[in-house]
Amino acid sequence: MTNQSCVTIARGPAARSGRPETRTGRAQRAVTLGGWSTVNPYATAPRTIAILTRTAHTGAMAVFIGGRVLHAPEASLRPWRWLTTLTGVALLASEATHSRNWIHQGRGMTTTAHVAVLAAGHLSPRLATAGPVAALLIGAVASHLPRSVRTWSVLYRRVVP
């Protein structure tokens with residue numbers, strides 16, 4: 001037995017259900033999901049990579065959407081569109097590894113809506129500006145939702161980790 005300090009969290013859904021959540025300082029055991037392994041998103045390296053990826057995505061997306069709104073030539077937006085897409089895919093992969101329930105939780109559904117309106121903007125010239133702007137709005141709102149909404153599952157009809 002090791003001397004790991006435990007922290008009891010007395011707030012959030014676990015506390016409201018009468019089950020205080022206990023976390024230790026140790027890294028979580030990896031769980032595989034169809035070949036994908038989940039990682040501890042709070043460990044130093046994964047967290048640093050996630051922050052850098054999210055920052056790059058925000059910057060590239062700002063230039064891309066700003067160019068769309070201001071009617072910049074398509075050729076000048078192409079590198080920003082690709083950078084936004086690549087960092088978005090990296091974020092998607094990172095977020096999906098946090099939980100095997102991710103896709104049917106609020107966070108997975110908002111990500112699906114985000115990608116759907118963005119795809120509509122890429123596929124339809126009439127939605128070339130509206131699609132990315134809608135994706136920006138969905139992403140901004142979704143990233144600030146309370147954890148109880150982000151982790152609520154439509155499949156289980158409750159908050160699941």
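Of the residues screened, Gly108 is not one that is within 16 Å of Ile65 (Cβ to Cβ) and under 11 Å from the mean Cα position of the chain (by Cα). Pairing residues of the stretch 54-67 that are closer than 12 Å to Thr87 by Cβ with residues that are not in a helix (DSSP H, G or I), at Cβ distances under 9 Å and at least 6 apart in sequence or on separate chains, gives Arg54/Ser143. The single condition among (1) closer than 16 Å to Leu118 by Cβ; (2) in contact (Cβ under 8 Å) with a residue 60 or more places away in the chain; (3) of a type in the set (Lys, Arg) that Arg100 does not satisfy is (1). Select from the stretch 113-131 the residues that are polar (S, T, N, Q) and farther than 13 Å from Ile65 by Cα and list them in ascending order. Across the stretch 113-131, the qualifying residue is only Ser124. Of everything in the stretch 140-161 that's in a helix (DSSP H, G or I) and touching a residue at least 40 places away in the same chain (Cβ under 8 Å), which residue is surrounded by the most Cβ atoms within 10 Å (Cβ to Cβ)? If we take residues in the stretch 140-161 being in a helix (DSSP H, G or I) and touching a residue at least 40 places away in the same chain (Cβ under 8 Å), then Arg150 is surrounded by the most Cβ atoms within 10 Å (Cβ to Cβ).
For the stretch 68-97, the set of residues classified as touching a residue at least 12 places away in the same chain (Cβ under 8 Å) and not in a helix (DSSP H, G or I) consists of Thr97 only.
Condition check ((1) acidic (Asp, Glu); (2) crowded, with 16+ Cβ neighbours inside 10 Å; (3) in contact with an Asp or Glu (Cβ under 7 Å, 6 or more places away or on another chain); (4) more than 15 Å from Arg150 (Cβ to Cβ)) across all residues:
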residue: Arg68; (1), (2), (3), (4): no, yes, no, yes
residue: Arg78; (1), (2), (3), (4): no, no, no, yes
residue: Leu83; (1), (2), (3), (4): no, yes, no, yes
residue: Thr87; (1), (2), (3), (4): no, yes, no, yes
residue: Asn101; (1), (2), (3), (4): no, yes, no, no
residue: Gln105; (1), (2), (3), (4): no, yes, no, no
residue: Val117; (1), (2), (3), (4): no, yes, no, yes
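Only the coordinates and a few stated rules stand behind these numbers; no lab work does. None of these values were measured; they are calculated from a predicted model. Note that each Cβ is placed from the backbone with ideal geometry, even for glycine, and that neighbours are counted across all protein chains shown.
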